[in-house]
1. Inside segment B:158-178, can you point out the residues that are surrounded by fewer than 18 Cβ atoms within 10 Å (Cβ to Cβ) and under 30 Å from the mean Cα position of the chain (by Cα)?
2. Would you point out which residue out of B:THR100, B:THR88 is surrounded by 19 or more Cβ atoms within 10 Å (Cβ to Cβ) and either at pLDDT 95 or above or farther than 20 Å from B:MET147 by Cα (or both)?
3. Tally up the residues in segment A:51-95 that are within 13 Å of chain B (Cβ to nearest Cβ) and assigned to a loop (DSSP other than H, G, I, E, B), please.
4. Select from segment B:230-270 the residues that are under 24 Å from B:GLY140 (Cα atoms), among the polar types (S, T, N, Q) and buried (at least 18 other Cβ atoms within 10 Å of the Cβ) and list them in ascending order.
5. Yes or no: A:PHE35 within 13 Å of ligand 1 (Cβ to nearest atom) and within 21 Å of A:GLU193 (Cα to Cα)?
6. Report, by residue number, each residue of segment A:215-237 that is away from ligand 2 (no atom under 15 Å from the Cβ) and crowded, with 21+ Cβ neighbours inside 10 Å.
7. Consider segment B:173-215. How many of its residues are among the β-branched types (Val, Ile, Thr) and more than 14 Å from chain A (Cβ to nearest Cβ)?
8. Out of the residues in segment A:45-83 meeting the condition of being without any contact (Cβ under 8 Å) to a residue 40 or more places away in the chain and more than 16 Å from ligand 2 (Cβ to nearest atom), tell me which one is farthest from A:VAL188 (Cα to Cα).
Amino acid sequence: MDTTKQTETTGSRSFSGNKGYILKAENLRAFYGAFLAVKDVNLDIKPKSITAIIGPSGCGKSTLIRCFNRMHEVTHGARISGKVLLDGEDIYTPGIDPVSIRTRIGMVFQKPNPFPTMSVLENVVAGRRLTSVLSKRTEMEEIAEKFLRQAALWDEVKDKLKQSGASLSGGQQQRLCIARALAVEPEVILMDEPCSALDPIATLKIEDLMRGLAKDYTIVIVTHNMQQAGRVSDMTAFMMMGDDRAGGLIEFGRTDQIFTNPKDKRTEDYITGRFG
Amino acid sequence: MRHKSARKWFNLLMLGLNSLGAGIAIVIVCLMLGYIIAHGLTFINLDFITGSAVPAGQPGGGMHNEIIGTLILVGLGSIIAVPIGLFTGIFLSEFGTPFTVSVVRFATDILAGVPSIVVGVFAYAIIVKPMHSYSAFSAGAALAIIMIPVVARTTEESMRMVPGSMREAALALGITRWRAVVSVVVPGALAGIVTGVMLGVARISGETAPLLFTALGNSFGYSGLGSPIGALPLQIYRYALSPYKNWQQQAWAGAFVLVVLVLIISIAVRWLSRKRRV
Ligand SMILES: Nc1ncnc2c1ncn2[C@@H]1O[C@H](COP(=O)(O)OP(=O)(O)O)[C@@H](O)[C@H]1O
Ligand SMILES: [Mg+2]
């Protein structure tokens, strides 16, 4: 992949790719049974960018990104209306297998969740091994090394590949989960508050990692930590719950603009810590 | 102040009752094991393990055929019950809707509560009668019916103990639901599932009533799944009730072997479930 042509300045990168976006939400609404949790979200996500989704807790950030890889419908009674376009194609088109969507849009969760019954190595290749035909053992090791390096974890675990994934520290476990998501070779990686269970040093490591990954992948990160959004993201989406308890997208723009010159009063109040 | 001291007395009383209950349980176990071991050890010998039954009144002989028979029946019961129980448990934990789960769980609860003699009569009516023969197969089926709810329930419970985040992690990788269950959830619940299977094995290895109507007994050794088969509990029951000294002694030895078998299984279960908690 060509990693040189993009500049690294936050919020001012030039984007390539079809129609300027890789993922697009159109009038997206998400329900839990009769409860409308997220309403009328319209959002364009540019390829190889980092988009942060911020907002007070309970405003529907997790719900929104779970709509992006069809994990929302895993919850009993949950459904959506509207469209989510991936490379121009609606992932909710009838007949599209949600399983295939999830190999193209990966996800990292709030709490590190490596498979405790698998070794570090097996964790990395789990997605590959359990989604396709079995590959050779040596191939597995190569793949594991490649993605552990990408996740900046290789040096720390290269002597622990046979140990249980649960034996690593919290920060290492989370990077293991990132390696595991990368190994499926998705186009987009969704991260739901990936650092909220980690200490500041582990958090910084993951943020560094994300900046590096953005050369090859499109990243959407939910965070309740505004500094984090400011540090890592190119674009920021601010969500808030309306009077009807449904979360909506209030403002979406370049991160520097959202943080220095928000257009909406509510964004400004949130950014300046006046509520939430 | 007054109700405080009342509470103190109540606590003391409950503690006393609890200790008493626990103490009685331990005493019963020790007495029973001690009694069986003491008697069994007196009468057990190599001949008992390797020899076949001898006609009444003669010395010597053993329960070789019955020991083998019990192993075959328990194996047969497990082969039938483990897959069915496993799939039932997996269904209950992973794939059922609230309605189907409540129906299936109700059914397994009822099955678990059916007295084993009724299971024996049932197996007699639907297998022995139509086939015109007592058989190892009918006995294995009867034991399987007793074992299925044990395996199903423990499988369900241990699968439910695997955190939902594991399922989500697997699904988010693009792994299909059934593959996630087989490769992520079941391994996570394996210690519990194995524990359940062994509890089931322990339970059926001592069952006597269902065998009366199905296995019948067979002193000449195993002669096919379609023929009657001997079993330890059955032989213990017959020998203990007989008027012959030699047979009564062999009943004690048989009880000893059966208890050792169940004891080994119980210890293995404890060991496994301790490992699971870590
Ligand atoms: N599984 C669920 N069932 C029903 N309601 C849910 C469920 N998950 C979340 N919600 C509701 O949806 C709204 C948004 O939740 P969530 O997306 O988790 O918010 P956030 O991630 O921004 O904190 C909240 O009101 C929450 O109570
Ligand atoms: Mg959330």
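1. In the first step, residues of segment B:158-178 are kept if they are surrounded by fewer than 18 Cβ atoms within 10 Å (Cβ to Cβ); the result is B:160-161, B:163-165, B:176-178.
Answer for segment B:158-178, where residues must be surrounded by fewer than 18 Cβ atoms within 10 Å (Cβ to Cβ) and under 30 Å from the mean Cα position of the chain (by Cα): B:ARG160, B:MET161, B:PRO163, B:TRP178.
2. B:THR88
3. The total comes to 7.
4. B:GLN235
5. no
6. Correct list: A:TYR217, A:THR218, A:ILE219, A:VAL232, A:SER233, A:ASP234, A:MET235, A:THR236.
7. Within segment B:173-215, the subset among the β-branched types (Val, Ile, Thr) is B:175-176, B:181-182, B:184-186, B:193-195, B:197, B:201, B:204, B:208, B:214.
Subsequent filtering for residues that are more than 14 Å from chain A (Cβ to nearest Cβ) retains B:195, B:197, B:201, B:204, B:208, B:214.
So the count comes out to 6.
8. A:HIS76
The values are calculated or read from the model by the stated rules, or taken from the named source; none is laboratory data. If you're wondering where the values come from, they're calculated on a predicted model, not measured in any experiment. Because the Cβ atoms are built from the backbone with ideal geometry, glycine has one as well, and the counts that use them run over all protein chains shown.
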